[in-house]
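The values are calculated or read from the model by the stated rules, or taken from the named source; none is laboratory data. Nothing here was measured: the structure is a model prediction, and the numbers come from that model. Here the Cβ is made from the backbone with ideal geometry for all residues, glycine too, and neighbour counts use every protein chain on show. Heads up: the accessible areas ignore ligands, DNA and RNA and are worked out on the full protein's heavy atoms, side chains in. Shrake-Rupley method; radii C 1.70, N 1.55, O 1.52, S 1.80 Å.
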Amino acid sequence: MDREEKDYILEKMMIDYGNELVRLAFSYVKDAEIAKDMVQNSFIKCYKNMESFQFDAQIKTWLYRITINECKDYLKSWNYKMVQVKSFINETAKSILPSTEKTVVDKYNNEEIKDTIFSLPKMYREVVYLYYYDSLTTEEIAKVLGIPVNTVKTRLRRAKQRLHSVIKEAELNGR
């Protein structure tokens, strides 16, 4: 495969899958700019390893796998842990300062569903994201995550049960 072919294939993949991969990365790192960085790193790895890719698999699942691994590596990194500490300090400082009622209500309404999904454990959150937001089939999710199809189905069912419980509890508490 010559350089022009690789460049063309990479450009096509970036156009076809770029936005999906950013959304996927965001579901892990919860920061838009970092998600974009993770996807950029994924495309670099893809470009470097394109010749080793066996086209018997779907390129989409290969890209998803690379992106998920990039995100998991980032979440284990020292840099991420330091960002988390700084974020915690900033959020604590903000909670001490008075805020207007409108800001609180707007933020609550806009992020309620997202927060509920992000409150799920990672193993449930990732299947919910891939299934509902990226419209992958259970078979595709199984390939991306490297788990059996029945495990994907079980995680989806359990995630739905947990979401149902959280929403019901919120309704009872008058949210």
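Kindly provide the set of residues from segment 123-137 that are open to solvent by 20 Å² or more (accessible area, probe 1.4 Å) and more than 17 Å from VAL22 (Cα to Cα), ordered by number. Within segment 123-137, MET123, THR137 meet the criteria.
Output yes when any residue across segment 141-163 is part of a helix (DSSP H, G or I), in contact with a helix residue (DSSP H, G or I) (Cβ under 8 Å, 6 or more places away or on another chain) and modelled with pLDDT under 75, and no when none is. Checked against the condition, which is being part of a helix (DSSP H, G or I), in contact with a helix residue (DSSP H, G or I) (Cβ under 8 Å, 6 or more places away or on another chain) and modelled with pLDDT under 75, segment 141-163 yields no hits at all. Filter segment 28-37 down to the residues that are among the small types (Gly, Ala, Ser) and open to solvent by less than 20 Å² (accessible area, probe 1.4 Å) and list them by number. Across segment 28-37, the qualifying residue is only ALA35. Residues that are at pLDDT below 80, under 19 Å from VAL22 (Cα atoms) and over 13 Å from the mean Cα position of the chain (by Cα) occur in segment 72-81; there is at least one. Do we have ILE66 as at pLDDT 90 or above and of a type in the set (Val, Ile, Thr) here? Taking the combined requirement at face value, the residue satisfies it. So in segment 38-78, with the set limited to residues that are more than 24 Å from LYS122 (Cα to Cα) and among the acidic types (Asp, Glu), which one is most open to solvent (accessible area, probe 1.4 Å)? That would be ASP56.
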